[in-house]
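Here the structure comes first, spelled out in structure tokens, and everything after it is commentary.
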Amino acid sequence: MKSKRNHSINSKKVVSAVLVSMVALSSGTAAFAAEATSLVSNQSVTSSSIFSDVKSGFFAEKHIYKLAAQGILLGDKGLFRPNDGVTQQEAVTMAIRFMNIQNQMNSGAAVTWPTNFTVGNYFKPYVTLAFQKKLLDTKHVSDDAKAKTTWGEKKANREWIAELLVRAIGKEAEANLSANKATSFADNSKISASKLGYVNAAIEMGLTKGIEGNRFDPLGSVTRAQLATFFSRGEAFMDTQYASATEGIVTALSDKSISLFANGSVRNYSLNNATSYYTSTSDTKIALTDVKLYSKVMVIENSSKAVYVEVTDPKEQLENIETTFERLFPGNSLGVSNNTAFASYTYDSNTLFQDVNGNKIEPKDLTAGSQIIIKRENFTANKSIVMVQVKTGVVNKNETGTLEKVEINSKSVSIKNTLGTTESYKWDDRLIVRYQNEILTPAELQNGSTIKYTVQNNIIQSIEVTQAVERTLRGSIYEVGPNGTTLTYKRDGGSLDVKLLSDKPEIVIKGIDKPVISDLIGDKTAGDQVELTLDSKELVTKIVVLNRQMEQKPASTVVSYDAKTKLLTVLDANKKPFVVTLDDKTNLIYNSNTPTLAGMESLLTSTRKVNLSYISNRALSLEVVYKYDGTVTAVDTVNKKITVQANGEQSITVPYSNPTIEMYGKSNLNISDVKVGSSVSLVLSNNQDSIQKIQLNSVIQFEIVSVDLAANRIIVKSEGVTSQMYLDKTVIIGDSGQSLRISDLQVGNILNVTLSGNTATTVQNIKLLTGQVLAVDTKTASVTVKDYNGSTEVLKANSAVKVVRAGSINTNLSSLAPQDRVEIRKDVDGTTIIKVLSSVNREFWKYESSTREFFVKRQYTSENNRYILSPNVYIHQGDTTLLVQSLKENDNIVVYINNDVIVEVQKP
């Protein structure tokens, strides 16, 4: 395969070429030529968005804009009309321009045209040259004088274009070799015998492909977009050189410019948001960050501005020399050795030196005996050294930095040093970690802490935290200070330590709403196992009880209770007696929102069923059974009994008379609505002998409409129905199960709410990912999305998928495409819901900041042109974030809408 180098073509030829290409790819004939001059002078090809009818992601986008950037083709008044058909005379004219031989017109021998062969006057010189260059064969062309369409205006079909293209790139010999070889297409018999070899050659070179149903469709028409694609692909097999294209090695790169070494000199080009980036092996756009230093690229420029950049060889065009560093010599010379000899290499001020972690160092920092890699360019006579990388070396130093990552399993630590670069080291069992007067374990180190550290022989020996960030540690509570300001805990190693508590530390104890310090259990041997969060001042700001080392007596029966001594005697499930003491720290649970011991005492009568937990005969929790939670296993409507498999794995049968039956969103329920397999709560009567209420459990997904912190209430909606929920007794968790407060919930959040009847018992805040699809991998069932904060996330759909686009549902990720804007969430059953956001391409009108109303100009009277901006709306041009105030009336914009709210505004 030949590659193209820069070649000078004078400006008159360029203008002529553009004129030809406009005519060649227009649906008109000579009449269009009259407009060509004004188009060339008023419209230059500088942006990948010049054709408004070629949308991002269009299959021929790369090829259309590559040829446009080269000056080979141009549209009409900002349109390319990609789906218009192409005539034979237009295709021939395009082929002449593609071969860059239009300067040979009117210079060859005269050509005798076939009888009745007719083309437009403008196209005659090009068709004549095509006969001279054997692109057309006078024996194989004819024109029926009686036909309504002349030869020139006849629509080009697929097999005819295949022959023209193969002849244009000089592969007729290959076509002759496969002239008698059948293709694998189902409609092979429909391919003309004279065209079969050309079709085979075009297919083998990848210039064209079949269509759906394994057909070639030889007589099918060819569109302008298809023709651009065919000729663009054909460039890979040509040695044709174009004026504006330069291929070379990238020697410098930033977000504003690119420099190439080509033909013995360095050429500089500016970059902007209109520059398009591709690779020679793919039709999909890439980002500027995918273009690497010292790779080989082709730049197509306009007035020193790169309008099209194509990576032709991504490999680093550098020579790598692995050797051993010995010493530095005067004159910027590196002395090195290999197994048999010594050598030296000269470096200069532009040579980059890096240590084993990729951090910049000075040449003097190299250590004798270190294994190094010398990278030098081989595309100039100087063969300059670009980089010296230490592969393995000896590091001994004392340094300060910021802790970035601690990997316990691999015993490694990453540190950002004072130069701002990251370095990594291993540790062994001799590592000492200190903070103030405390010895820490590596697991207690927190990312972001400022540290001093010592490295010897590449192993980190000591870490001293000089400024801590929030950190966590674990242990068991030994004692809570009498005034509630201190906490004594036993560390995992058995030693005791005392920490000061902040003014209002957050306390989390599962099953206790709004716990306080006195709810914590301290004990010499069996205190609460906790995780403590400490701020940078070492004050305890959060205490999470992970486990309580207590005994439990579920399904016990009250024998007696003495209100004076507060002694409770029960029979456990095995009918063994047991005595515990109740006190003001006992967690009391019965059918009351404000439980008190005085309120419970009247219930502690003989035979009352209770659940008990205790430590050292002190009652920690006492629950008067007022309901059974479980799964229905039987409904006996004759004897009026319901059996449930309780959550404690007991099977319990309870009689009913005329219970209330409650389920969210349902009314007028009766016993027939209670099905085997239903998850229920059976609320008991006061004497615990029958069912008073049956609460059917459900999980429903809601969107938050408003949050009322003062009332511990949220307003939510689902399927158009709005409800209010009080969360003062509700467990609130995040997407990964972390504990949340109502203040963590925001309008627009998606919640999975577990309801017992009409009462919310658990609220889970569901992660919502909104952004642009970068890639879709159906093999791994993953979608790569760039959110509106600029972060990239790979989301794996491990269960069912629903892709919702314009009201229709598809269960396959293949229906997604790069550039789609999506909102992704999990449904209550674990299904991944991917909603493709709608978009509107309009002109901007105005913005009302007081109401956040965003107006676009209508295309028709009944069209909605008023939207609300999301508080976190992403307004941008390329990767540059814009303020809404920077938009001007009549600016072309694309807005992406989610639930009637604009979440993104893109300015092309």
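The values are calculated or read from the model by the stated rules, or taken from the named source; none is laboratory data. Quick caveat: nothing in here was measured; it's all calculated off a predicted structure. Using ideal geometry, Cβ is built from the backbone for each residue, glycine included, and neighbour counts are taken over all protein chains shown.
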Selection from segment 695-747 of residues that are surrounded by 15 or more Cβ atoms within 10 Å (Cβ to Cβ) and assigned to a helix (DSSP H, G or I): I742
Just to be sure before I move on: is K209 out of contact with any Asp or Glu (no Cβ under 9 Å at 6 or more places or on another chain) and farther than 28 Å from T115 by Cβ in the structure I sent? yes
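Among the strands (runs of 3 or more DSSP E) contained in segment 301-373, which hold 1 or more residues that are among the small types (G, A, S), closer than 30 Å to S270 by Cα and out of contact with any Lys or Arg (no Cβ under 7 Å at 6 or more places or on another chain)? Talk me through it step by step, then tell me what you get.
Details: elements: 305-313, 318-329, 333-337, 342-346, 352-354.
In segment 301-373, 305-313 are the strands (runs of 3 or more DSSP E) which contain 1 or more residues that are among the small types (G, A, S), closer than 30 Å to S270 by Cα and out of contact with any Lys or Arg (no Cβ under 7 Å at 6 or more places or on another chain).
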Being surrounded by fewer than 16 Cβ atoms within 10 Å (Cβ to Cβ), touching a strand residue (DSSP E or B) at 6+ places or on another chain (Cβ under 8 Å), without any contact (Cβ under 8 Å) to a residue 60 or more places away in the chain and more than 20 Å from G481 (Cβ to Cβ) is the filter here; which residues of segment 511-556 pass it? N547
Filter result for K666 (modelled with pLDDT under 95, within 26 Å of G830 (Cα to Cα), in contact with a Ser or Thr (Cβ under 8 Å, 6 or more places away or on another chain) and basic (K, R)): no
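Here's the yes/no breakdown for (1) farther than 21 Å from N899 by Cβ; (2) loosely packed, with under 15 Cβ neighbours inside 10 Å; (3) at pLDDT below 90:
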{"position": "L774", "(1), (2), (3)": "yes, no, no"}
{"position": "G790", "(1), (2), (3)": "yes, yes, yes"}
{"position": "V803", "(1), (2), (3)": "no, no, no"}
{"position": "N812", "(1), (2), (3)": "yes, yes, yes"}
{"position": "R821", "(1), (2), (3)": "no, no, no"}
{"position": "D829", "(1), (2), (3)": "yes, yes, yes"}
Here are some conditions: (1) surrounded by fewer than 24 Cβ atoms within 10 Å (Cβ to Cβ); (2) in contact (Cβ under 8 Å) with a residue 60 or more places away in the chain. L79 meets all but one. Which one does it not meet? (2)
Name the residues in segment 390-400 that are surrounded by 18 or more Cβ atoms within 10 Å (Cβ to Cβ) and in a strand (DSSP E or B), would you? V390
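Can you tell me which residue in segment 172-221 is nearest to I161 (Cα to Cα), limited to those that are among the β-branched types (V, I, T) and part of a loop (DSSP other than H, G, I, E, B)?
Filtering segment 172-221 for residues among the β-branched types (V, I, T) gives 183, 191, 199, 203, 208, 211.
Filter once more, so that each one left must be part of a loop (DSSP other than H, G, I, E, B): 183, 191, 208.
Working: T183: 17, I191: 13, T208: 10 Å.
Top of the filtered list is T208.
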Those residues that are over 21 Å from D689 (Cα atoms) and over 57 Å from the mean Cα position of the chain (by Cα), I need them from segment 542-568; list them, please. D562, A563, K564, T565, K566, L567, L568
Scope segment 236-252; condition buried (at least 19 other Cβ atoms within 10 Å of the Cβ) and either among the acidic types (D, E) or part of a strand (DSSP E or B) (or both); matching residues: A245, T246, E247, G248, I249, V250, T251
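What about L774, is it of a type outside the set (K, R), touching a Lys or Arg at 6+ places or on another chain (Cβ under 7 Å) and either assigned to a strand (DSSP E or B) or in contact (Cβ under 8 Å) with a residue 24 or more places away in the chain (or both)? Steps first, answer last, please.
Working: of a type outside the set (K, R): yes; touching a Lys or Arg at 6+ places or on another chain (Cβ under 7 Å): yes; either assigned to a strand (DSSP E or B) or in contact (Cβ under 8 Å) with a residue 24 or more places away in the chain (or both): yes.
Considered against the rule, which asks whether it is of a type outside the set (K, R), touching a Lys or Arg at 6+ places or on another chain (Cβ under 7 Å) and either assigned to a strand (DSSP E or B) or in contact (Cβ under 8 Å) with a residue 24 or more places away in the chain (or both), L774 comes out as yes.
Mind checking which residues of segment 261-274 are over 23 Å from the mean Cα position of the chain (by Cα) and under 16 Å from A306 (Cβ atoms)?
Across segment 261-274, the qualifying residues are F261, A262, V266, R267, N268, Y269, S270, L271, N272, A274.
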When segment 580-599 is checked residue by residue, the ones that are over 54 Å from the mean Cα position of the chain (by Cα), more than 20 Å from V480 (Cβ to Cβ) and loosely packed, with under 12 Cβ neighbours inside 10 Å are A598
Among the residues of segment 423-441, how many are surrounded by fewer than 16 Cβ atoms within 10 Å (Cβ to Cβ) and either closer than 24 Å to N359 by Cβ or among the acidic types (D, E) (or both)? 4
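Being touching a residue at least 24 places away in the same chain (Cβ under 8 Å) and surrounded by 14 or more Cβ atoms within 10 Å (Cβ to Cβ) is the requirement here; does T284 meet it?
Values: touching a residue at least 24 places away in the same chain (Cβ under 8 Å): yes; surrounded by 14 or more Cβ atoms within 10 Å (Cβ to Cβ): no.
Considered against the rule, which asks whether it is touching a residue at least 24 places away in the same chain (Cβ under 8 Å) and surrounded by 14 or more Cβ atoms within 10 Å (Cβ to Cβ), T284 comes out as no.
Here is a yes/no grid of residues against (1) assigned by TED's automatic domain parsing to the domain that holds E444; (2) surrounded by 13 or more Cβ atoms within 10 Å (Cβ to Cβ); (3) under 26 Å from W427 (Cα atoms); (4) in contact (Cβ under 8 Å) with a residue 40 or more places away in the chain:
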position: T323; (1), (2), (3), (4): no, yes, no, yes
position: N338; (1), (2), (3), (4): no, no, no, no
position: Y347; (1), (2), (3), (4): no, yes, no, yes
position: L352; (1), (2), (3), (4): no, yes, no, no
position: N378; (1), (2), (3), (4): no, no, no, yes
position: S410; (1), (2), (3), (4): yes, no, yes, no
Among R852, R842, which is the only one that is at pLDDT 85 or above, within 29 Å of S815 (Cα to Cα) and surrounded by 15 or more Cβ atoms within 10 Å (Cβ to Cβ)? R842
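Based on this model, can you work out whether V804 counts as under 23 Å from N765 (Cβ atoms) and in contact (Cβ under 8 Å) with a residue 40 or more places away in the chain? Working first, answer last.
Working: under 23 Å from N765 (Cβ atoms): yes; in contact (Cβ under 8 Å) with a residue 40 or more places away in the chain: no.
So V804 fails the test.
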Where in segment 461-576 are the strands (runs of 3 or more DSSP E), entirely inside, with at least 3 residues that are of a type outside the set (F, W, Y), closer than 30 Å to N687 by Cα and not assigned by TED's automatic domain parsing to the domain that holds R430? 551-562, 567-571
